[in-house]
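Here the structure comes first, spelled out in structure tokens, and everything after it is commentary.
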Amino acid sequence: MGVRALRSAVFLDRDGVLNETVIDDNGVPHPPGSVAELRIVEGAVEACRLLREAGFLLVVVTNQPDVARGTVSSGTVEKINEEIGRLLEIDDIRVCFHDTGDGCDCRKPAPGLLLQASRDLTLDLSSSIMVGDRESDVEAGSRAGCRTVLIERPYSAASRVSPTYTTDSLLAGVDWILHHGRSTEEERA
């Protein structure tokens with residue numbers, strides 16, 4: 001039995017990257033509470049298509065602490081994930097349902113979701129990229145050994161992180177990935 005070749009992935013945060021967040025009366029972003037509230041970010045369909053065509057595996061990694069907090073069911077989160085997966089042709093979706101104080105290794109900024117996906121899907125983390133809209137996404141990607149793209153939003157805390165690349169849209173981030181995001185070894189191959 002031969003050794004499977006390692007593949008490159010683009011890890012994508014869900015809320016604020018692939019779908020719009022729902023902003024409450026206090027200006028705090030929240031995930032959609034139902035499939036009916038789900039709004040795909042402008043350009044996300046094209047961005048995912050371009051990444052797939054370039055040979056990247058698309059893996060969503062998302063914190064969903066509202067399940068632990070009792071404000072949404074895991075079934076609702078799974079239905080939203082299924083719809084996102086269908087609309088954007090996502091290869092895999094990894095979810096942390098824990099809250100901040102639970103001490104798990106899967107809640108970003110911990111790299112557990114990325115590391116487990118790497119083992120399960122035979123991924124090369126050094127040639128993979130984490131795309132997110134929060135400092136916890138950038139930190140998780142960095143801790144996993146990935147390059148990182150920050151989609152800057154008003155809540156991103158961009159001054160507290162050092163992503164590989166910062167932009168204001170998913171499509172611009174994908175353009176960077178396609179033109180500058182491949183490792184030197186991949187470019188030579």
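The values are calculated or read from the model by the stated rules, or taken from the named source; none is laboratory data. Just so we're clear, the structure is a prediction, and the values are computed from it rather than from any experiment. FYI the Cβ positions are ideal-geometry reconstructions off the backbone, even for glycines, and counts take in every protein chain you see.
Looking at segment 92-189, what strands (runs of 3 or more DSSP E) fall wholly within it and have at least 3 residues that are farther than 23 Å from Val72 by Cβ? Working first, answer last.
Values: elements: 92-96, 129-132, 147-151, 165-167.
Correct list: 129-132, 147-151, 165-167.
Considering only residues that are of a type in the set (S, T, N, Q) and in a loop (DSSP other than H, G, I, E, B), look in segment 28-73 and name the one that is farthest from Asp92 (Cα to Cα). Before you say what the answer is, go through the steps one by one.
Our first condition is that a residue be of a type in the set (S, T, N, Q); within segment 28-73, this holds for 34, 62-64, 71, 73.
Filter again for in a loop (DSSP other than H, G, I, E, B), leaving 34, 64, 71, 73.
Numbers: Ser34: 20, Gln64: 16, Thr71: 25, Ser73: 20 Å.
Applying the filter and picking the extreme gives Thr71.
Which number in (1) closer than 18 Å to Leu114 by Cβ; (2) touching a residue at least 60 places away in the same chain (Cβ under 8 Å) marks the one condition that Asp92 misses?
Among (1) closer than 18 Å to Leu114 by Cβ; (2) touching a residue at least 60 places away in the same chain (Cβ under 8 Å), the lone unmet condition for Asp92 is (2).
Does Ser127 count as buried (at least 18 other Cβ atoms within 10 Å of the Cβ), touching a helix residue (DSSP H, G or I) at 6+ places or on another chain (Cβ under 6 Å) and of a type in the set (Gly, Ala, Ser)? Even if it seems obvious, please write down each step before you answer.
Numbers: buried (at least 18 other Cβ atoms within 10 Å of the Cβ): yes; touching a helix residue (DSSP H, G or I) at 6+ places or on another chain (Cβ under 6 Å): yes; of a type in the set (Gly, Ala, Ser): yes.
For Ser127, the condition - buried (at least 18 other Cβ atoms within 10 Å of the Cβ), touching a helix residue (DSSP H, G or I) at 6+ places or on another chain (Cβ under 6 Å) and of a type in the set (Gly, Ala, Ser) - is met.
Restricting to segment 161-189, what's the tally of residues that are closer than 21 Å to Ser136 by Cα and at pLDDT below 85?
Going through segment 161-189 one residue at a time, the tally reaches 1.
State the number of residues belonging to segment 74-90 that are surrounded by fewer than 18 Cβ atoms within 10 Å (Cβ to Cβ) and part of a loop (DSSP other than H, G, I, E, B).
Counting residues in segment 74-90 that are surrounded by fewer than 18 Cβ atoms within 10 Å (Cβ to Cβ) and part of a loop (DSSP other than H, G, I, E, B) gives 1.
Considering only segment 134-147, how many residues are modelled with pLDDT of 95 or more and either crowded, with 23+ Cβ neighbours inside 10 Å or under 14 Å from Val10 (Cα atoms) (or both)?
Adding up the residues that qualify gives 9.
Residues to consider are Thr71, Thr122; find the one that is surrounded by fewer than 17 Cβ atoms within 10 Å (Cβ to Cβ), at positive phi and among the polar types (S, T, N, Q).
Details: Thr71 fails: at positive phi.
Step by step, each of Thr71, Thr122 is checked, and only Thr122 is surrounded by fewer than 17 Cβ atoms within 10 Å (Cβ to Cβ), at positive phi and among the polar types (S, T, N, Q).
Give segment 17-27 a look and list any residue that's within 16 Å of the chain's Cα centre (by Cα) and either surrounded by fewer than 18 Cβ atoms within 10 Å (Cβ to Cβ) or not in a strand (DSSP E or B) (or both), or say none. Outline the logic, then answer.
To start, the set of residues in segment 17-27 that are within 16 Å of the chain's Cα centre (by Cα) comprises 17-21.
If the condition is that a residue be within 16 Å of the chain's Cα centre (by Cα) and either surrounded by fewer than 18 Cβ atoms within 10 Å (Cβ to Cβ) or not in a strand (DSSP E or B) (or both), then Val17, Leu18, Glu20, Thr21 are the ones that fit.
Could you check segment 61-80 and list, in sequence order, the residues that are acidic (Asp, Glu) and at pLDDT below 95? Write out each step before concluding.
The initial filter retains those residues of segment 61-80 that are acidic (Asp, Glu), namely 66, 78.
Asp66 - this is the single residue of segment 61-80 that is acidic (Asp, Glu) and at pLDDT below 95.
Out of Val61, Val10, which single residue is surrounded by 15 or more Cβ atoms within 10 Å (Cβ to Cβ) and either under 21 Å from Asp175 (Cβ atoms) or among the polar types (S, T, N, Q) (or both)?
Values: Val61 fails: either under 21 Å from Asp175 (Cβ atoms) or among the polar types (S, T, N, Q) (or both).
Being surrounded by 15 or more Cβ atoms within 10 Å (Cβ to Cβ) and either under 21 Å from Asp175 (Cβ atoms) or among the polar types (S, T, N, Q) (or both) holds for just one of Val61, Val10, which is Val10.
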